[in-house]
Amino acid sequence: MVEKEPGDYKTEVHFIGQVVYGTHFETTAGLFCEIHLEYGETWRELPDKQEQSIQTQTAYPSPEGLHVFAHPVDLHFATDSIYGWPQLVFRVWRLDEVGRIDLMSYGVCALPCTTGVFSLEVPTWRPLGKWYEETMAFFVGGPPRLLNQDILTADVSKRSQIKTISSGTLHLDLEVLLRNFGVHWTNSYKD
């Protein structure tokens, strides 16, 4: 029997699942999601990846109004701390009938921190513009956008100061697998 070293007990988290569909988006145009991954300094994505973004295909609404993405999510991390737990930042884009692409909404989802299977709903929103900006958006397109997108992952108290309007909901199915967290919580390296 090979004796295990402390390095063999690196804490790991694996998120496996999919962005299933979007509901309540008030558009007949195609939608796609840009998903950016945010995590703390002590987290490392496995294998090492240069890009932290995922983009779904463009989904057109079904008669029931569902935009079906069925886009896979497979994220694997090693970490030394639970500080900076991963979260997903969504930007939902609209591709209209003339080929114009508009940013429709934003959403933020903290990933589950326990082992199990989860069905998550991510409410999305966009900034509420002044009356003339909303009028322009209605007739011409191009809803108001955030000038500083760092606010998406900022403290909730800062984000709550923005006037927003609901823009739809994304639905995710995720399975979370934790490895060696119990070993580190008990500070024991025994089998």
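Using each residue's phi in segment 98-109, evaluate 6.51 cos²θ - 1.76 cosθ + 1.60 at θ = phi - 60° and report the 3J(HN,Hα) Karplus result to the nearest Hz, with x for Gly and Pro.
9, x, 7, 10, 10, 6, 8, 6, 10, x, 10, 9
Go ahead and run the numbers for FRET between Asp80 and Leu178, Cβ-Cβ distance against an R0 of 22 Å, rounding to 0.05. Don't jump to the answer; show the numbers that get you there.
Working: r = 14 Å, r/R0 = 0.65.
Using R0 = 22 Å, I get an efficiency of 0.95.
Roughly to the nearest percent, how much of the accessible area of segment 54-114 is carbon and sulfur, given a 1.4 Å probe? Please report the intermediate quantities before stating the final value.
Values: 1720 of 2910 Å².
Exposed carbon and sulfur together represent 59 percent of the surface.
Grab the other residues whose beta carbon is less than 12 angstrom from that of Val73, score K and R as +1, D and E as -1, and report the net.
-3
Report the calculated FRET efficiency for Lys10 and Glu38 (r = Cβ-Cβ distance, R0 = 25 Å), to the nearest 0.05. Mind showing how you got there, number by number?
On the way: r = 21 Å, r/R0 = 0.86.
Approximately 0.70, to the nearest 0.05.
For Glu41, Glu64, Glu34, write out the residues from largest to smallest accessible area, computed with a 1.4 angstrom probe and no ligands counted. Write down the numbers at each step before the final one.
On the way: Glu41 190, Glu64 140, Glu34 55 Å².
Ranked from most to least accessible, the order is Glu41, Glu64, Glu34.
Across segment 64-79, in residue order, what do the Karplus-derived ³J(HN,Hα) couplings come to in whole Hz, using 6.51 cos²θ - 1.76 cosθ + 1.60 with θ = phi - 60° and x for Gly and Pro?
7, x, 8, 9, 8, 9, 6, 9, x, 10, 9, 10, 10, 10, 10, 8
Collect residues whose amide H, placed 1.01 Å from N in the peptide plane, falls under 5 Å from the amide H of Met104; neighbours closer than 5 in sequence don't count.
Counting only residues 5 or more places away or on other chains, the set is Val92, Trp93, Arg94.
Working out 0.36 nm times the residue gap between Asp48 and Glu97, then minus their Cα-Cα distance, what length gain in nm do you get to one decimal?
Values: separation 49, 0.36 × 49 = 17.64 nm, distance 3.83 nm.
Gain in length upon complete extension: 13.8 nm.
So if I place +1 on the C-beta of Lys and Arg and -1 on the C-beta of Asp and Glu, and nothing else carries charge, what would the dipole magnitude of segment 19-78 be about its Cα centre? I want it in debye, nearest 20. The partial results should precede the final answer.
Details: 2 positive and 9 negative charges, 25 e Å.
About 120 debye.
Please report the net charge: other residues with Cβ closer than 13 Å to the Cβ of Tyr60, K and R +1, D and E -1. Kindly include the intermediate steps, with their values, before the conclusion.
Details: positive: Arg94; negative: Glu64, Asp96, Glu97.
Here the count lands on -2.
Measuring from a point 7 Å past the Cα of Gln57 along Cα-to-C-beta, which residues in segment 67-102 have an amide N at less than 15 Å?
67-73, by backbone N distance to the label point.
The values are calculated or read from the model by the stated rules, or taken from the named source; none is laboratory data. These numbers come from a predicted model, not from an experiment. Every residue, glycine as well, gets a Cβ built from its backbone with ideal geometry; the counts of neighbours run over all protein chains shown. To get the accessible areas, we keep the full protein, side chains included, count just its heavy atoms, and leave off ligands, DNA and RNA. Shrake-Rupley method; radii C 1.70, N 1.55, O 1.52, S 1.80 Å.
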